[in-house]
């Protein structure tokens, strides 16, 4: 029963995510009273997702050290610079610029593992990047966001570090340790039971945090339309820049596919928590809207990379004859 519920929630994510956003805006008074639950919900979501990981996933670093370092540089340097360039030139609003930087500087999405698996990418490499990027997030994000915020906004980097430690690192380590201790059995027993509740947690995070940005999205303005349009463009460009760079750097299509999804997807829920907890509410606008497109774009890109993989494989076969 829980497996069926999980599959249905997975299929309905592109619909339920924006619906959660709308509900949060309509019930903003209730959402504001539930903000204290967010760190706990997110810690549970991270723990649930980490049950499928093991310490050996980090061993891919010894096989692909330069590849993994490039992936991390793409996530936390190249894409934030791209977002900064676009947002600062289109909007004359420092808060929105910070929001766009947060939306791409956060760790890669754990759900990228699902799409890499579906599209026959390099799953061990993907798991390694997700695990490593998750564990280093508390060290990278405070520095990056401090630079983005500048002197105009006071950012408590110590508190941010501790929150990331609590929401991401500690639950991840606990999940990995339990998976190791059970020799993988917990992944087959407990993880499937927690999966649907983890997805419900995503909807809860969106609903509760959207109450913080409610004043900015209750009325449709040209600025709101522009923010949504730029969020969509950055999301699309992230996937295709990753595809282009991957094609130029690696001959192995499985690595390219992995790069596309790792580079295009983000753990947006943690971005929403950071934006609403440490910055003025307007900063959360670009981050929240990122949730509207991520799964839909991943579905579309899965077809693109499938065609790409077929063409590369045909070309490799032709050259080997």
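Below is a table of values for the structure above.
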{"quantity": "Residue satisfying condition, being in contact with a helix residue (DSSP H, G or I) (Cβ under 7 Å, 6 or more places away or on another chain) and at pLDDT below 90, within set 88, 49, 62", "calculated": "49"}
{"quantity": "Qualifying residues in segment 31-54 (those that are closer than 11 Å to residue 209 by Cα and more than 17 Å from the chain's Cα centre (by Cα)) - the one surrounded by the fewest Cβ atoms within 10 Å (Cβ to Cβ)", "calculated": "36"}
{"quantity": "Condition met for residue 172 (under 21 Å from residue 137 (Cβ atoms), crowded, with 17+ Cβ neighbours inside 10 Å and at pLDDT below 85)", "calculated": "yes"}
{"quantity": "Lone unmet requirement of (1) free of Cβ contacts under 8 Å to residues at least 12 places away in the same chain; (2) outside any helix (DSSP H, G or I); (3) under 28 Å from residue 255 (Cα atoms) for residue 121", "calculated": "(1)"}
{"quantity": "Those residues of segment 188-201 which are farther than 22 Å from residue 20 by Cβ and surrounded by 18 or more Cβ atoms within 10 Å (Cβ to Cβ), in sequence order", "calculated": "191"}
{"quantity": "Residue in segment 100-107 that is under 24 Å from residue 44 (Cβ atoms), in contact (Cβ under 8 Å) with a residue 12 or more places away in the chain, touching a helix residue (DSSP H, G or I) at 6+ places or on another chain (Cβ under 8 Å) and not in a helix (DSSP H, G or I) present", "calculated": "yes"}
{"quantity": "Residue 159 vs. criteria within 30 Å of residue 11 (Cβ to Cβ) and part of a helix (DSSP H, G or I)", "calculated": "no"}
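The values are calculated or read from the model by the stated rules, or taken from the named source; none is laboratory data. Because the structure is predicted, anything quoted here is derived from the model rather than measured. Heads up, the Cβs are rebuilt from the backbone with ideal geometry, glycines too, and the neighbour counts pull from every protein chain shown.
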